[in-house]
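The values are calculated or read from the model by the stated rules, or taken from the named source; none is laboratory data. Here the structure is a predicted model, which is why all the values come from computation and not from measurement. Every residue, glycine among them, receives a Cβ derived from its backbone with ideal geometry; neighbour counts consider all protein chains shown. Side chains included, ligands, DNA and RNA excluded: accessible areas come from the protein's heavy atoms. Shrake-Rupley method; radii C 1.70, N 1.55, O 1.52, S 1.80 Å.
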Amino acid sequence: MSATGMSVSAAGVPRITTDGRGMLERNVWAVVGNHGKNPVVDQLTARLTARGKTVYRVNPYGKPPAEYKSLGEIPDARSVECIDLVVNPTVGMDVVDDCQALGIWNLFIQPGAGSKELIDKARGKDMSVHEGCILLELPAPSL
């Protein structure tokens, strides 16, 4: 591990071992939520995109306008550096398993999406976990 709190996974993807601020510096995200039904999910996606991030929209409920139903459907899913989790904790447990299988080690959990069990499971898989809100922690770009 480097002095900056970063290491590289076996897949060559940076692993952040710091707080949410370090995650917010990552450039490739997947927002996992009910796109199109939950307006906050779309706001989160828009904020990340406005800050120059590449964002994949994943809806485990299989509803448009999300392009993917699971992380595994994303082309080159191993390039995803951080997951923004905006689903109920029960669904989130499956997302944690998918992250481990794909070598995605950074989990940003929005309010209401976390539980003690989910966080314990993610940390037990050596994932970096941050509970917070992107809309509060990542300011909108100034005009």
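If Gly33 satisfies every condition in (1) at pLDDT 95 or above; (2) open to solvent by 10 Å² or more (accessible area, probe 1.4 Å) but one, which is the exception?
Status for Gly33: all satisfied but (2).
Any chance you could count how many residues in the stretch 89-143 are of a type in the set (Val, Ile, Thr) and on the phi > 0 side of the Ramachandran plot? If you could, list the steps in order and put the result at the bottom.
Going residue by residue through the stretch 89-143, those that are of a type in the set (Val, Ile, Thr) are 90-91, 95-96, 104, 109, 119, 129, 134.
Checking which are on the phi > 0 side of the Ramachandran plot leaves us with none.
Number satisfying all stated conditions: 0.
Report yes if Val87 is closer than 19 Å to Gln43 by Cβ and at pLDDT 95 or above, otherwise no.
Yes, satisfied.
Output the residues belonging to the stretch 23-59 that are without any contact (Cβ under 8 Å) to a residue 24 or more places away in the chain and touching a Gly at 6+ places or on another chain (Cβ under 9 Å).
Residues satisfying the conditions are Asp42, Thr45.
Restricting the stretch 106-143 to residues that are touching a helix residue (DSSP H, G or I) at 6+ places or on another chain (Cβ under 8 Å) and of a type in the set (S, T, N, Q), which is surrounded by the most Cβ atoms within 10 Å (Cβ to Cβ)?
Asn106
How do the pairs read when you match residues in the stretch 60-83 that are at pLDDT 95 or above with residues anywhere that are crowded, with 17+ Cβ neighbours inside 10 Å and among the acidic types (Asp, Glu), using Cβ under 8 Å and keeping only pairs 6 or more apart or on different chains?
Going by the 8 Å Cβ cut-off, the qualifying pairs are Ser70/Asp98; Leu71/Asp98; Gly72/Asp98.
Could you run through the stretch 48-87 and say how many residues are open to solvent by 50 Å² or more (accessible area, probe 1.4 Å) and either aliphatic (A, V, I, L, M) or closer than 15 Å to Ala122 by Cβ (or both)?
Number satisfying all stated conditions: 1.
Would you be able to say whether some residue in the stretch 92-104 is open to solvent by less than 50 Å² (accessible area, probe 1.4 Å), touching a Ser or Thr at 6+ places or on another chain (Cβ under 7 Å) and either in a strand (DSSP E or B) or within 17 Å of Asp126 (Cα to Cα) (or both)?
Yes, the stretch 92-104 has at least one match.
Of the numbered conditions (1) assigned to a loop (DSSP other than H, G, I, E, B); (2) surrounded by fewer than 19 Cβ atoms within 10 Å (Cβ to Cβ); (3) modelled with pLDDT of 90 or more, Gly12 fails exactly one; give the number of that condition.
(3) is the only condition that Gly12 fails.
Are any of the residues in the stretch 99-117 at pLDDT below 95, of a type in the set (S, T, N, Q) and over 13 Å from the mean Cα position of the chain (by Cα)?
Within the stretch 99-117, none of the residues are at pLDDT below 95, of a type in the set (S, T, N, Q) and over 13 Å from the mean Cα position of the chain (by Cα).
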